[in-house]
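These notes concern the structure reproduced below.
Just so it is clear, none of the values below were taken in a lab; they were calculated from the coordinates. These numbers were taken from a predicted model, which means no experiment stands behind them. With ideal geometry, Cβ positions are generated from the backbone for all residues, glycine too; neighbour counts draw on all protein chains shown.
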Amino acid sequence: DAGVIQSPRHEVTEMGQEVTLRCKPISGHNSLFWYRQTMMRGLELLIYFNNNVPIDDSGMPEDRFSAKMPNASFSTLKIQPSEPRDSAVYFCASTGGTSYEQYFGPGTRLTVT
Amino acid sequence: AQKVTQAQTEISVVEKEDVTLDCVYETRDTTYYLFWYKQPPSGELVFLIRRNSFDEQNEISGRYSWNFQKSTSSFNFTITASQVVDSAVYFCALSEHQGGSEKLVFGKGMKLTVNP
């Protein structure tokens, strides 16, 4: 079975550009999570969805960040405009059914110059 | 508020040594879940174990064992006879069950280096 799929795996962009990160959760999972990992702050939850509905976005750092989940098999995290301090690894995770374990994607390493 | 503390930031051992990774948590809820994840140098996060707050039995899985003690709010992880492949960053995490979804709060992680 395919795990959580994220794209791109690496993204390098210039400050001010729009960045879109993509995630495909495991089929059948109904909860999706976006995390950010940095050396300074560790792993932080940005937002999570349950049945495609955003439940808690209190971790989204500011209005430059937005996330959508238009259907059960796809989610995006957008940063616009991007800034150097957004450089981090962004993970998507999903869970659902009788399983409470969150399964993580491989992450997207974002570098904003 | 939920909080997870991994006091050790980095440990280095020699192969075949036993090593224990400490995890202390804070929560006001009576129903919660504790997790350990492994992040090898390749970067992915690998689920290791999930334990609910009502199950204090220790668990063993091969060379891995976990000791959950509610009295001290700890969920420690021991690797017996460590191997080089165990080198990774290990994260302890806590979640409170909220309507079918679980919001994870992670500790800062502990980097384990196992030298040959």
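Tabulated values for the structure
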| item | result |
| --- | --- |
| Local electrostatic count at A:Arg64 - Lys and Arg +1, Asp and Glu -1, tallied over other residues with Cβ under 11 Å | -3 |
| Two-decimal Rg to Rh for the protein assembly as shown - Kirkwood Rh, Cα set | 0.97 |
| Under 13 Å from the Cα of B:Lys38 - aspartates and glutamates, other chains or at least 8 residues apart | B:Asp86 |
| Size of region A:20-111 as Cα extents on the principal axes (Å, biggest first) | 39, 24, 20 |
| Loop GluC sites (Glu not before Pro), region B:36-116 (other Cβ atoms within 10 Å of the site Cβ: 16 or fewer; DSSP) | B:Glu44, B:Glu56 |
| Proxy reagent accessibility, fewest Cβ within 10 Å first, across A:His29, A:His10 | A:His10, A:His29 |
| Proximal lysines to B:Lys103, defined as alpha-carbon separation beneath 17 angstrom and excluding residues fewer than eight positions away on the same chain | B:Lys3 |
| Under-5 Å amide H pairs with A:Ile5, H placed in peptide plane, nonlocal only | A:Lys24 |
| For B:Lys108, distant residues with modelled amide H under 5 Å away | B:Gln6 |
| In order through region B:15-28: 3J(HN,Hα) via Karplus (6.51 cos²θ - 1.76 cosθ + 1.60), integer Hz, x for Gly, Pro | 3, 5, 6, 8, 9, 10, 9, 8, 8, 10, 10, 10, 7, 9 |
| Cβ-defined net charge surrounding A:Gln37, 12 Å radius [Lys, Arg +1; Asp, Glu -1] | +2 |
| Net charge contributed by nearby residues that have their C-beta within less than 14 Å of B:Cys92 (K/R +1, D/E -1) | +4 |
